[in-house]
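Comments concern the structure below.
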Amino acid sequence: MIQHPYQNLKDGRWLMGNLHAHTTASDGRRPHQEVLDDYAGRGYGFLMVSDHDILTDDKVYSKLESHGMVLISGNEITAHGPHMLHVGAESRVEPFSGRQEVIDEVQKTGGFVIFNHPNWVSNFNHCPQELLDQSSGYIGLEIYNGVISRLDGSPYATNRWDMLLSKGRKLWGFANDDSHEAEGDVGLGWNMVYVQDETPKGIVDALLNGCFYASSGVEISDITVDDNRIIVQTENASRIVAIRDTGRRVATADTHTIEIEAPVDARYVRFECWGAGEAFAWTQPFFISE
Ligand SMILES: [Zn+2]
Ligand SMILES: [Zn+2]
């Protein structure tokens, strides 16, 4: 049996959004309105401003022009430990050094937590794998964080994700910009969420349920599952790789579509769709059980 988050791709549409953007309220270079103008001008459907330990909610958003984007309340929990995003935050949560304490508090007050840029800094270890292993109640991690492409470490963290998924964890992969500068930081990584309800709650719920894929340039047009067969269709991938537990490749297709028979002994299968340059799309995992 295949358990997956793409059961309900009907009566809605894919919306593009970034959950990680800084403004002059913390260490970003541009005020809120300029950041919103930039993302809206690029066709984003939703955006979350995530300043360091500063909650951006409707009180702030109501004074700004959204240009029709759905604006999500949030915060980047920063001080005293590895960074995490608090998405759909209804109140500011203290950045306790015990990160589990932060997650527990978020679970009580609303929204959800993901871990950010695990492979940042020169030892590629901003967030130790042991912390990801030991923590519970968070729903995913940034498998791509754009700003790290100009800093130490790696913007990618699919290695961390595969290690967790291989242990049976059910976690979603996110792609975000983590934009700070006016030039070069915007439009690097985003999430394509399938929503019927284009409100903050509708988007937060769809993210919680994994009804999205992460992208840095490849567009997925359809995902279908028929018994044990999985078909992923893209607009512009030149290679699609199916990956199972321990990171092993199940199949590779040098075209824009792949169809596989899910291996019955696998714990999960996920798809990486590779495009031109540094464009990717990453599906969420399909969990396989007897
Ligand atoms: Zn950070
Ligand atoms: Zn950040």
**Message:** Using only the Cα atoms of the range 3-157, what are the Rg and Dmax in Å?
**Reply:** 15.8, 45
**Fill in**
Computed Rg/Rh for the chain (Cα atoms; Rh = Kirkwood radius) stands at 0.95
**Prompt:** Hey, which lysines would be in cross-link range of K63, C-alpha to C-alpha under 26 Å, not counting anything within fewer than 8 residues on its own chain?
**Reply:** K201
**Item:** Ellipsoid semi-axes in whole angstrom, largest first, where each is sqrt(5λ) of the Cα gyration tensor of the range 92-135
**Value:** 22, 10, 9
**Message:** Run the helix sum for the chain: -39,500 (n - 2.57) per DSSP H stretch of 4+ residues, divided by residue count, reported at 222 nm to the nearest 500 deg cm²/dmol.
**Reply:** -4500 deg cm²/dmol
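Per 0.36 nm of contour for each residue apart, how much would the distance between N159 and K63 grow if the chain were fully extended, relative to their Cα-Cα spacing?
30.5 nm
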**Viscosity 1.567 mPa s, temperature 4 °C, Stokes-Einstein D of the range 217-290 from Kirkwood C-alpha radius, µm²/s** = 107 µm²/s
**Asked** Highest mean first, what order results for 235-246, 16-27, 90-101 on Cβ atoms within 10 Å?
**Response** 16-27, 235-246, 90-101
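Could you sort the peptides 184-195, 138-149, 55-66, 273-284 by per-residue average Cβ neighbour count (10 Å cutoff), highest mean leading? Please list the in-between numbers first.
Working: 184-195: 22.2, 138-149: 24.5, 55-66: 14.9, 273-284: 19.8.
Most protected by this proxy first, the peptides run 138-149, 184-195, 273-284, 55-66.
Each reported figure results from applying straightforward, stated rules to the coordinates on display, with no laboratory input. Fair warning: this is a prediction, and the values are worked out from it, not measured in the lab. For neighbour counting, all protein chains shown are included, and Cβ atoms are generated from backbone atoms with ideal geometry for every residue, glycine included.
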